[in-house]
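The values are calculated or read from the model by the stated rules, or taken from the named source; none is laboratory data. It should be emphasised that the depicted structure is a prediction, and the values quoted were computed from it without experimental measurement. All Cβ positions, glycine included, derive from the backbone under ideal geometry; neighbour counts span all protein chains shown.
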Amino acid sequence: MQSNAKIFVAGHRGMVGSALVRRLQSAGYSNVITRSRQELDLLSQQAVHEFLQSEKPDYLFIAAAKVGGIQANNTYRADFLYQNLVIEANLIHGAHLAGVQRLMFLGSSCIYPKLAPQPLKEEYLLTGPLEPTNEPYAIAKIAGIKLAEAYNHQYGRQYTSAMPTNLYGPNDNYDLNNSHVLPALIRKAHEAKQRGDSELVVWGTGTPLREFLHADDLADACVFLMEKGFDGPLINVGCGSDVSIRELAELVVKVVGFEGRLTFDTSKPDGTPRKLMDVGQLTSLGWTPRIGLEEGIGLAYQDFLKRYT
């Protein structure tokens, strides 16, 4: 990518999009363009197409999405399916019509079958049933991957998809009703500490295994892949190691400084038993993450304190 290339980051106010903007700007890219939801409604095909025709970016990162944790995914199933389908279709098709040759679509590890072999390889896509609680979101993301792949096949575009593992970092969502597990634990532990509680209740059994990647590492990987000219249809982005939810909770309470005991509400769903990404394809290209989990949780907690207290 040339330093003056026009780069559109869709979803720049979210955790992933803001990390991408930070990474691009720190690398010296001087022509990064963004639009807020008020300036550009990504659910409007006409608005998206007119914007892309007007701006004609050289590169496009699609980090915009409706996202949430298990409860939100399972409650607002129609919203997650419809809105994500429309956003990605508007952007991918609109990019093609505007002559954008290079595009990266950001997906999720939930695209893989619930009981797929571990670690999750890219070729496991569409080989088995999905996790029911977030099936609509996963289906939308799979459609985005296949849509990008179809434009490559039919029109010779270089549209690729990156599948990040579980993410956390600055600008994360800490709403207890629709956040992911790590930010929810940070908020719960902080509030329990502030109240002087004797225990912290964690959803589920604590046994599921999860992999976590800091959003700044994801952004670094995405820019690395775009600069390298990676044009494979799909690539996993992660750290290649996982921890149990119990271990994660123990690490969070250590970082936050909560001194009570942990208890687990086994009436709540666990979700997929394990989601570890096979990142062999990415590491073979020469990329590895730089932010360790404990360091990253510390950074995330400082972000939480700055934004919510």
Tell me which residues, restricted to the range 52-98, are of a type in the set (Gly, Ala, Ser), in a helix (DSSP H, G or I) and over 19 Å from Pro183 (Cα atoms). Ser54, Ala78, Ala89, Gly94, Ala95
All positions within the range 264-305 that are polar (S, T, N, Q) and more than 25 Å from Asn73 (Cα to Cα): Gln281, Thr283, Ser284, Thr288, Gln302
For the range 183-202, check the following and say yes or no: at least one residue is over 21 Å from Lys66 (Cα atoms), of a type in the set (A, V, I, L, M, F, W, C) and in contact with a Pro (Cβ under 7 Å, 6 or more places away or on another chain). no
Exactly one of these conditions fails for His12: (1) part of a loop (DSSP other than H, G, I, E, B); (2) more than 23 Å from Ile145 (Cβ to Cβ); (3) touching a residue at least 40 places away in the same chain (Cβ under 8 Å). Give me its number. (2)
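So which residues in the range 116-132 are within 10 Å of Lys275 (Cα to Cα), assigned to a loop (DSSP other than H, G, I, E, B), hydrophobic (A, V, I, L, M, F, W, C) and touching a residue at least 40 places away in the same chain (Cβ under 8 Å)? Give the steps one after another, and end with the answer.
Here is the first cut: in the range 116-132, the ones within 10 Å of Lys275 (Cα to Cα) are 116-120.
From what is left, the residues that are assigned to a loop (DSSP other than H, G, I, E, B) are 116-119.
This time we only want the ones that are hydrophobic (A, V, I, L, M, F, W, C), so: 116.
Result: no residue meets the conditions.
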Residue in the range 133-156 that is in contact (Cβ under 8 Å) with a residue 60 or more places away in the chain and in a loop (DSSP other than H, G, I, E, B) present: no
The conditions are (1) at pLDDT 95 or above; (2) closer than 29 Å to Asp58 by Cα; (3) outside any strand (DSSP E or B); (4) within 18 Å of the chain's Cα centre (by Cα), and Thr160 fails exactly one of them. Which is it? (3)
Considering each residue of the range 100-150, count those that are closer than 22 Å to Leu225 by Cβ, surrounded by fewer than 18 Cβ atoms within 10 Å (Cβ to Cβ) and of a type in the set (Ser, Thr, Tyr), and give that number. 1
Mind counting the residues in the range 231-250 that are touching a strand residue (DSSP E or B) at 6+ places or on another chain (Cβ under 8 Å) and surrounded by fewer than 18 Cβ atoms within 10 Å (Cβ to Cβ)? 7
Can you find a residue that is more than 21 Å from Tyr124 (Cα to Cα), free of Cβ contacts under 8 Å to residues at least 24 places away in the same chain, not in a loop (DSSP other than H, G, I, E, B) and not small (Gly, Ala, Ser) anywhere in the range 197-214? no
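Determine if the range 170-181 includes at least one residue that is part of a strand (DSSP E or B), at negative phi, in contact with a Ser or Thr (Cβ under 9 Å, 6 or more places away or on another chain) and not β-branched (Val, Ile, Thr).
Taking the range 170-181 as the starting set, the residues that turn out to be part of a strand (DSSP E or B) are none.
There is no residue in the range 170-181 that is part of a strand (DSSP E or B), at negative phi, in contact with a Ser or Thr (Cβ under 9 Å, 6 or more places away or on another chain) and not β-branched (Val, Ile, Thr).
Counting only residues that are of a type in the set (Val, Ile, Thr) and assigned to a loop (DSSP other than H, G, I, E, B), which one in the range 254-309 is surrounded by the most Cβ atoms within 10 Å (Cβ to Cβ)? Before the answer, list the steps.
Taking the range 254-309 as the starting set, the residues that turn out to be of a type in the set (Val, Ile, Thr) are 255-256, 263, 266, 272, 279, 283, 288, 291, 297, 309.
Adding the requirement that they be assigned to a loop (DSSP other than H, G, I, E, B) leaves 266, 272, 279, 288, 291, 309.
Working: Thr266: 12, Thr272: 21, Val279: 25, Thr288: 12, Ile291: 19, Thr309: 8.
By that ranking, first place goes to Val279.
Go through the range 79-99 and give me each residue that's touching a helix residue (DSSP H, G or I) at 6+ places or on another chain (Cβ under 7 Å), without any contact (Cβ under 8 Å) to a residue 60 or more places away in the chain and either surrounded by fewer than 17 Cβ atoms within 10 Å (Cβ to Cβ) or under 17 Å from Gln154 (Cα atoms) (or both). Give the steps one after another, and end with the answer.
Within the range 79-99, the first condition is being touching a helix residue (DSSP H, G or I) at 6+ places or on another chain (Cβ under 7 Å), and the residues that meet it are 80-81, 84-85, 88-92, 94-98.
If we keep only those that are without any contact (Cβ under 8 Å) to a residue 60 or more places away in the chain too, we end up with 81, 85, 88-90, 94, 97-98.
Residues satisfying the conditions are Ala89, Gly94, Leu97, Ala98.
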Top-ranked residue of the range 33-63 - restricted to ones that are under 20 Å from the mean Cα position of the chain (by Cα) and of a type in the set (D, E, K, R), ranked as surrounded by the fewest Cβ atoms within 10 Å (Cβ to Cβ): Arg37
